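The values are calculated or read from the model by the stated rules, or taken from the named source; none is laboratory data. This is a predicted model, so every value here is computed, not measured. Here the Cβ positions follow ideal geometry from the backbone for every residue, glycine too, while neighbour counts run over all protein chains shown. We work out accessible area using only protein heavy atoms, side chains counted, and drop any ligands, DNA or RNA first. Shrake-Rupley method; radii C 1.70, N 1.55, O 1.52, S 1.80 Å.
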Amino acid sequence: MTLKDSNKLTDEPTTIASWALAVCRTIDAAGVDSQKILDEVGIDKSILHDPNARLPTQQMTQLWRRTVTITGDEAIGLKVANFVQPTSFNALSFSLLVSESLADAWSRVKRYYSIISNVLEVDIEHGPEQSALCFNKLPGKHYADEAIDAFMATSYLMALQVSHGQIKPTRLALERRQPFEAKPFEQLFSCPISYAAKGNKIYYSNQDLQRPFPSANRELALKNDEAIHSYFLALSQPSFSKKVSEEIAIAMTLGNPDRDTVAKTFHMSSRSLQRKLREEGTSFSEQVEQIRKNLAQKYLSSPQLSMLEISFRLGFKDPSNFTRACKRWYGVSPLQYRQQNSAK
């Protein structure tokens with residue numbers, strides 16, 4: 001994932017890059033070179049200082065696993081909370097600090113958590129005497145146990161510090177197995193902890209949830225909410241390369257997609273289009289190649305489409321060019337690919 005690509009929210013599992021920066025600071029504090037681990041998992045450290053950047057959750061999971069392996073510390077996630085800065089979660093951190101109460105802060109976490117990561121869904125479980133902030137796993141998306149440990153610890157410390165030590169959890173439930181050394185968990189949270197639970201939940205008394213924060217500032221909180229909303233909308237906008245790929249797919253139905261023609265739809269020159277694509281780590285020819293490959297897979301799975309028809313649908317004027325492309329993509333001819341996949 002390139003730097004430009006990383007500044008977008010997508011359906012792919014991603015995490016805000018500043019989370020990895022806090023992990024690196026924790027690693028360095030443990031006397032381990034974080035740069036070495038970043039190199040091993042393929043993360044460019046420069047991206048971690050971009051407040052809008054995002055990382056594939058798969059890379060974050062690898063970072064967590066290598067960190068635990070190298071430091072030998074199963075509770076390393078808890079220590080990350082000590083290195084989380086007010087700017088770590090963009091404007092969301094400030095909004096939480098000036099919320100009216102923990103209940104008010106929770107509503108913001110539930111509303112905007114996807115800015116931090118989109119592998120979990122946050123919910124609030126209300127009870128007669130105590131309530132819980134819940135982190136529910138989304139189908140098909142995975143995360144490291146240490147990531148939950150870190151966010152639970154961050155949530156705990158935020159409430160504790162803002163309330164000057166008055167607000168503490170009543171109990172904690174974690175999906176993770178019990179660590180071999182559970183003492184750091186017990187010492188930090190100072191409440192009953194259940195492991196191998198059905199969900200990740202941190203409970204507080206309803207009285208504490210409504211206790212006013214000394215730092216509460218409604219006007220400032222609402223201004224930060226506006227900043228979060230603008231940030232969220234900006235991240236949700238499709239990248240330029242995605243817009244180009246959509247135009248290429250349309251042009252492909254009319255024949256061979258031409259760069260000059262696609263550039264005109266964006267009211268720019270062919271050279272400007274190519275420059276903007278390069279800024280996002282791709283090119284027009286790469287976009288065309290990827291779209292053809294994806295569509296070929298789809299078309300070849302439809303027996304009613306002839307090879308000639310598929311070839312023209314992909315913008316190939318000569319069917320032999322489609323055959324060569326298919327061998328480049330899949331190592332076999334279009335007919336062989338269809339036969340192999342129809343047999344599965």
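Of the conditions (1) more than 23 Å from C24 (Cα to Cα); (2) under 20 Å from the mean Cα position of the chain (by Cα); (3) open to solvent by 10 Å² or more (accessible area, probe 1.4 Å), P192 fails just one. Which one is it?
(2)
With (1) open to solvent by 50 Å² or more (accessible area, probe 1.4 Å); (2) farther than 30 Å from P51 by Cα; (3) in contact with a Lys or Arg (Cβ under 9 Å, 6 or more places away or on another chain); (4) without any contact (Cβ under 8 Å) to a residue 60 or more places away in the chain as the list, and N256 as the residue in question, which single condition is left unmet?
Exception for N256: condition (4).
Could you count how many residues in region 34-60 are open to solvent by 20 Å² or more (accessible area, probe 1.4 Å) and touching a helix residue (DSSP H, G or I) at 6+ places or on another chain (Cβ under 8 Å)? Before the answer, list the steps.
Within region 34-60, the subset open to solvent by 20 Å² or more (accessible area, probe 1.4 Å) is 35-36, 39-40, 42, 44-46, 49-52, 56, 58-59.
Those left that are additionally touching a helix residue (DSSP H, G or I) at 6+ places or on another chain (Cβ under 8 Å): 35, 40, 42, 44-45, 49-52, 59.
Counting residues in region 34-60 that are open to solvent by 20 Å² or more (accessible area, probe 1.4 Å) and touching a helix residue (DSSP H, G or I) at 6+ places or on another chain (Cβ under 8 Å) gives 10.
For region 299-333, enumerate the residues that are out of contact with any Lys or Arg (no Cβ under 6 Å at 6 or more places or on another chain) and either in contact (Cβ under 8 Å) with a residue 60 or more places away in the chain or at positive phi (or both).
R313, G315, F316, K317, G331
If we scan region 180-194, do we find a residue that is in a loop (DSSP other than H, G, I, E, B), polar (S, T, N, Q) and under 30 Å from H126 (Cβ atoms)?
First, the residues of region 180-194 that are in a loop (DSSP other than H, G, I, E, B): 180-182, 190-192.
Now narrow it down to the ones that are polar (S, T, N, Q): 190.
From the residues that got through so far, the ones that are under 30 Å from H126 (Cβ atoms) too are 190.
Yes, some residue in region 180-194 is in a loop (DSSP other than H, G, I, E, B), polar (S, T, N, Q) and under 30 Å from H126 (Cβ atoms).
Which residue pairs have Cβ atoms under 7 Å apart, sit 6 or more places apart or on different chains, and have a first residue in region 213-231 that is of a type in the set (A, V, I, L, M) and a second that is open to solvent by 50 Å² or more (accessible area, probe 1.4 Å) and in a loop (DSSP other than H, G, I, E, B)?
A216/E100
Quickly run through region 173-187 and pick out the residues that are under 13 Å from G77 (Cα atoms) and either among the small types (G, A, S) or open to solvent by 40 Å² or more (accessible area, probe 1.4 Å) (or both).
A182, P184
Filter region 151-172 down to the residues that are surrounded by 19 or more Cβ atoms within 10 Å (Cβ to Cβ) and part of a strand (DSSP E or B) and list them by number.
The initial filter retains those residues of region 151-172 that are surrounded by 19 or more Cβ atoms within 10 Å (Cβ to Cβ), namely 151-156, 158-159, 162, 167, 169, 172.
Hit for region 151-172 is L172, nothing else.
Is it the case, given these coordinates, that L235 is open to solvent by less than 50 Å² (accessible area, probe 1.4 Å), at pLDDT below 85 and under 27 Å from the mean Cα position of the chain (by Cα)?
Working: open to solvent by less than 50 Å² (accessible area, probe 1.4 Å): yes; at pLDDT below 85: yes; under 27 Å from the mean Cα position of the chain (by Cα): yes.
When the stated conditions are applied, L235 passes them.
In region 197-210, what count of residues is obtained for those that are more than 11 Å from L172 (Cα to Cα) and either open to solvent by less than 70 Å² (accessible area, probe 1.4 Å) or modelled with pLDDT of 95 or more (or both)?
Going residue by residue through region 197-210, those that are more than 11 Å from L172 (Cα to Cα) are 198, 205-210.
Next cut, either open to solvent by less than 70 Å² (accessible area, probe 1.4 Å) or modelled with pLDDT of 95 or more (or both) only: 205-210.
Qualifying residue count, region 197-210: 6.
Find the residue count for region 259-298, including only residues that are open to solvent by 30 Å² or more (accessible area, probe 1.4 Å), in contact (Cβ under 8 Å) with a residue 12 or more places away in the chain and over 28 Å from the mean Cα position of the chain (by Cα).
3
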